[in-house]
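Written out below as structure tokens is the structure these notes cover.
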Amino acid sequence: MTENRGPVWTRPPAAKPERLTQEAVVACAVDLADREGLEAVTVRRVAAELSARPMSLYSFFKRKDDLVDLMLDQVLAEMLLAEVPAGDWRAAIKAVVHRQLEVGRRHLWIMGAFGARAPIGPNAARHAEQSLAALAGLGLPPQRQVRLLRAIDTYLWGFAALSGQELASRQRDQLTEQEWRESTDAYFTGLVAGGDLPHLAEAGRHGLLRGEVEEWIADFDEGLDWLLNGFAATLDG
């Protein structure tokens with residue numbers, strides 16, 4: 001190659017490798033988890049993706065669990081709204097949780113990760129602040145605000161985990177959305193053809209499968225309205 005010709009003194013200096021940063025390591029780990037699942041994330045694999053030595057990563061964390069905590073907090077940063085809507089507490093809460101669903105769809109592994117650890121990093125704290133800000137206009141005692149938010153989180157992440165199963169199955173089986181729809185349509189038709197599942201046949205495929213994203217978002221919103229309506233009924237005045 002021409003850059004290696006001539007005396008060393010006359011050749012351009014070799015490019016210095018970019019300095020490894022915690023942000024680059026965590027971003028690489030998140031990208032790897034998005035592509036192959038959280039189980040694919042190991043210190044050795046992330047180091048290989050970055051063309052770095054595994055030991056060099058341990059200057060940023062001491063164990064893989066620490067790396068996963070950093071990954072969670074980075075994704076929680078994506079869940080933050082630029083601004084919480086003011087005036088209508090229901091609209092504000094819906095904006096917060098819709099953002100969580102939107103980001104969760106991009107990072108399917110996060111559903112399981114949330115179930116295995118308690119996110120308490122700086123972006124988790126900022127997210128908690130936004131959620132509490134959404135309820136600030138109600139004038140509720142802080143303890144009651146927290147209880148409502150925990151009920152919403154329980155519903156949100158339970159729903160997201162179940163809905164994410166189908167998205168993960170499509171990825172795992174390498175099917176497009178259209179291929180998934182056609183194959184599961186054929187399966188469902190055969191399943192109820194015998195007549196021994198009359199209620200499921202009447203409900204349609206939606207009674208067994210989550211359906212398209214638009215469908216399960218509508219399901220989510222209706223369930224959230226039930227939860228918020230029940231809470232609103234307990235408010236004085």
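The values are calculated or read from the model by the stated rules, or taken from the named source; none is laboratory data. Just so it is clear, the structure is predicted and the values come from calculations on it, not from any experiment. Cβ sites come from the backbone with ideal geometry, for glycine too, and all protein chains shown count toward neighbours. Remember, those area values only see protein heavy atoms, side chains included, never the ligands or the DNA or RNA. Shrake-Rupley method; radii C 1.70, N 1.55, O 1.52, S 1.80 Å.
Charged side chains reduced to their Cβ positions (Lys and Arg at +1, Asp and Glu at -1) give segment 124-202 a dipole of some 680 debye around its Cα centre.
Explain nothing, just the number: dipole magnitude of the chain about its Cα centre with +1 on each Lys and Arg Cβ and -1 on each Asp and Glu Cβ, in debye rounded to the nearest 20.
1380
Averaging 1/r across all pairs of distinct Cα atoms in the chain and inverting the result yields a Kirkwood radius of 21.3 Å. As a calculated quantity, the FRET efficiency between ALA232 and ALA161 at R0 = 30 Å, using C-beta atoms, amounts to about 0.70.
What the Cα convex hull of segment 156-208 gives, in volume per residue, is 89 Å³.
Residues GLU83, GLU36, ordered by accessible area of protein heavy atoms at a 1.4 angstrom probe radius and largest first, appear as GLU83, GLU36. Computed over protein heavy atoms with a 1.4 Å probe, the carbon and sulfur contribution to the accessible area of the chain reaches 55%.
In segment 119-196, a dipole from Cβ-located charges (positive for Lys and Arg, negative for Asp and Glu) runs towards its positive end, and of ALA168, LEU148, PHE188 it is LEU148 whose Cα lies farthest in that direction.
Between ASP153 and ARG53, how high is the FRET efficiency from 1/(1 + (r/R0)^6) when r is the Cβ-Cβ distance and R₀ = 41 Å? Nearest 0.05.
The pair ASP153/ARG53 has a calculated efficiency of 0.55.
The candidates TYR58, TYR155, TYR187, arranged from most to least accessible area with a 1.4 Å probe in the full protein assembly, appear as TYR187, TYR58, TYR155.
In units of the compact-protein estimate 2.2 N^0.38 Å, segment 43-155 shows a Cα radius of gyration of 1.27. For segment 81-86, backbone phi angles converted through the Karplus equation (6.51, -1.76, 1.60; θ = phi - 60°) give residue-by-residue couplings of 7, 4, 7, 7, x, 9 Hz, Gly and Pro being listed as x.
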